[in-house]
Structures are given as C-alpha cells and as structure tokens.
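The values are calculated or read from the model by the stated rules, or taken from the named source; none is laboratory data. It should be emphasised that the depicted structure is a prediction, and the values quoted were computed from it without experimental measurement. Neighbour counts run over all protein chains shown; Cβ positions are idealised from the backbone, glycine included.
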Amino acid sequence: MKAVIMEMHKDYCIVMTKDGQFLKQNIPAGVFEIGDEIAVSKEYAYEPKTVKVGWLKNLSIAYMTMIIVAVLSIFGVWYFKQYLPLKNADLLTADTVEEAAPAAIEEEVGEGETREESAEESGLSMEADQGEAISFEKTYSLIEEPKVDGENINDVLSFSYEIIGGVNLQVEFRNISSALIFSGDIKLTTLFSDNSVSRTKIIPLENFEPVQVVKEPVFLKAGETSLKLEVNGNAY
Amino acid sequence: MFRRQSLEDRVIEIRNDNDRVGWLISEFKPFIASVAQKRAGKFLEYGVDDELSVGLSAFKEAMDSYDKKRGKFLSFARLVINMRLIDYYRKQSKKGKGKNLSLDDDDDPVSGLIDSISMEQYRVNDENDKRIIEIMEYRTELRKWGITLEQLAEISPRQEALREQYKEVAREIVKHSFMLRELMKTKRLPLKELGEIMTVHRKKLERGRIYIIAMVLAMVGNLSYVDIHRGGGR
C-alpha cells in the first residue's frame, strides 16, 4: 500500500496511507523528505524497542539501587563500628582536657578500691608466702598517648601499647626481671570520655617467666578514649 | 480553519510582517528539517545542528526574494535551502583545510545559481509540493486540537472495519454542517446527534474520538492524497 511521509524522526517516520491509517515505518531521517510517497510494508513496520528495554532498564536500575544501598549500609555499619572511635576521639580532644579533673577523681576512687583489694590479696599472699606482691594501676588517655613504650611495673613487668590503624589497640606485657616469675591477673578496662566503663578484659598470667612476652589485641569501639590498666599478682 | 489562499500569495502578503513570517517559518519547520536532513543524509535536530539554522535562514531568504516568476514557492525554497547548505558545507571544508582560498569567501554563489538554474528543474515536484503544503497545514490544524501525529500513529485503528466505521462517522459530521459547527465550537464529538443518525455505540465513539477528529480535519482540509471522502473504496 502506498503512503505519504508526514513526519520524520531519528530512526522512523510517520506515514499516512491512502485509506487514512497512520503508521510508523522503520525509515531513518535523511533518506526521504516530508511529502514523499513510499510503499509501506509490514517488514518496515517500526517496532518500538524502548518498551521492553525501558522496562528492563527500569528494573535493572531498581536492582542496582538496591544493591548499592545494601552495600553502602553494610559498609556504613562497619565504618561506624571501626572508624568512628578515632573520629570521635579527635572531636573529643577538647573535652578531654576539661574532663581530666573528674578522671583524676575517678582514678583516686579506683585506686582506693584496688588498694583494699591488693591489701586483701597481699594478705592472702602473705598466707601463701609467695614472694613480692605487685599491685599497679594507671589510666592512659588514648588520645594524648597513642603509644606507650615500656611502662615499668615494679621492675618485674613492662607494659606497652600502640594504636594500629586507628582501631586496633595492641597491648604487650613483658617480664623484664632477671629471675622473678609473675603470677596474677591483668585487668584492662576501656573507658568512655566521661570515664564510664565500656569493657573489661582480664588477662591471666600464670608463671610468667623472665623474657616471656604476651601480646593481646583490643579492638576499640566508638567513644572509647582511655585505657585503665590494673595489675595484681605476685612475683617470686 | 484551513487557508484557501495559495502559499505563494501568502508569502508575498506576509513577508514584511515579522510576526507572521515567524508563524509561517514555524509551520514549515518540519519541511525545512526534512530538506536539510535529505541533503545531510542524517537526522538533524533543531537547536543542535547548524545545518538547521542555515536551513531556517535560507527559508527566510527564499521568502524575501520570492517572485511568482520563479514558480512554486516550496520548490524555490527547497532550492535555496539546498544551495545554502552546499555553501555551508563548502565553507566548513575550507575551514578544515585552512583559509587558503580566502578570495572566494566574499562572493555569493547562490544568488547567481538561483537565476541560472532552469525553472524546469523544480517544476517536476509540483505534486509533492502541493502535498507538503497540505501536510504542514494539517499538522498545524491538528496541533490546535492538541493532537500529534505520533499520537495518531499509536491510536490509529489497525482493523480495517473499525477504521472504516470511524471514517463513516467523520463523513457524517462533515456532511451535516450543524454537527461540524458544534464539533469546531466545543471540540467534542456531537454524540447525541450522531446517535440519532447512526447505530454506533457511544463508548466506541468516545474511544475513537481523536481518530475521528483527525479524519474530520483531513476531510475539511481536503487532503488530496488521502482517499477518505468516498465510502471507504468498497
């Protein structure tokens, strides 16, 4: 059937047949002019690919968005867990100066308690007659001191720590004495900026001999800004 | 409604009135694009391709310099558009090679060519030109009704019987001037009146509203190409 070209588009044209039907034909622009007469055929009928492709495209875009959101949220949770401690710590540095005073009070209170404990323990050790009692306690600000190297504890133990990668606190104990064996517990407490206790980790050291080294990793959580070390035990 | 004045008379009458020149140019924009596209051999888009700016100014130039002695306006305009595009491409290629032929830049090969080319060359397309004018006017008229050709291609009935039924409705409307007047005035199908003289379901008429209007406009505009005035060729 014959038809006349009414409108040209990029990859099709709209024609009107002699009997008044409007059709799209698969004839790209640049071949004919408007008003040219052509023969229409079903072979050249323009099939809009966009319907199916568009639908698929929309679906794939939706899937992609969902995947991206999922990945981002997983990453986000991980990020907040892992990296926020340091960021918070950075932000809190100004506050920590002010908070240093209450921290000191806390420390004193803590010390009082431990003194009692150590007294009890020393009492026990006296009974057991197991050499020199060691009791040590100190709080370290992780922001001001990201690294401590060889804190001497009664010439028996040496304590070091270092923050690796912002979140990983590597703690190390070494027996620096020449002949004393240490037995006891080491209590590591992480504190928030307001000196409230976050977590406590107890490392038991039994028959810790000279030159022996113990390393413990501690993952820091968001908001943890200081570390309290308590050592209670005997060296003999 | 559709103009009864010839395009040639229209061009001569309005060419000093900027507003009406603008209207005519915008009415013939698809024609200008199709001529330029055929010359370029590719799709061109207004506002993107320079060829169409050249085409538009060539069409304006054709309007300004048209004279009835030059034959039909559209053939003349097509010739001017083609010449200006050849000129444009030549300048582009010169730019590419560097300006070693600067002496030729100032002369105007087109005006000379327009005079020298035999009128015979573009009289051949007389019938095409008549169709183009009809199509442009038809498109403009459809646009006033908010109907696009794209839309018509989508909703145009595939079944011949249904198409024939709608065309019959359109013929009835055109035949009865009171119905045609009502349609033109209200832009709604005279469903009640149609119901009295035809047995077509109201719902069916409502579904085919756009196509029926397009057919009425084709009949009123006297689209010579389409064979819709007679009873469906049966």
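Residues of the range B:1-54 that are surrounded by fewer than 15 Cβ atoms within 10 Å (Cβ to Cβ), within 15 Å of the chain's Cα centre (by Cα) and within 14 Å of chain A (Cβ to nearest Cβ): none at all. For the range A:228-236, the condition holds for at least one residue, the condition being that it is in a loop (DSSP other than H, G, I, E, B) and aromatic (F, W, Y).
Within the range A:217-225, not a single residue is of a type in the set (K, R) and in a strand (DSSP E or B). Answer yes if at least one residue in the range B:159-171 is farther than 27 Å from A:V4 by Cα, outside any loop (DSSP other than H, G, I, E, B), modelled with pLDDT of 90 or more and of a type outside the set (G, A, S), and no otherwise. No: zero hits. Applying the condition of being of a type outside the set (A, V, I, L, M, F, W, C) and under 17 Å from B:D87 (Cα atoms) to the range B:55-68 and asking which residue is nearest to the other protein chains (Cβ to nearest Cβ) yields B:G55.
Restricting attention to the range A:1-36, the residues being surrounded by fewer than 19 Cβ atoms within 10 Å (Cβ to Cβ), facing chain B (nearest Cβ under 9 Å) and more than 21 Å from B:E160 (Cα to Cα) number 6.
For the range A:143-185, taking the residues that are buried (at least 20 other Cβ atoms within 10 Å of the Cβ) and over 27 Å from the mean Cα position of the chain (by Cα), the one that is farthest from A:A133 (Cα to Cα) is identified as A:N175. Test B:L74 against the criterion of being under 22 Å from A:H9 (Cα atoms), in a helix (DSSP H, G or I) and at pLDDT below 90, and give yes or no. In short, yes. Condition check for A:L72 on (1) within 60 Å of the chain's Cα centre (by Cα); (2) surrounded by fewer than 12 Cβ atoms within 10 Å (Cβ to Cβ); (3) within 14 Å of chain B (Cβ to nearest Cβ): one failure, at (3).
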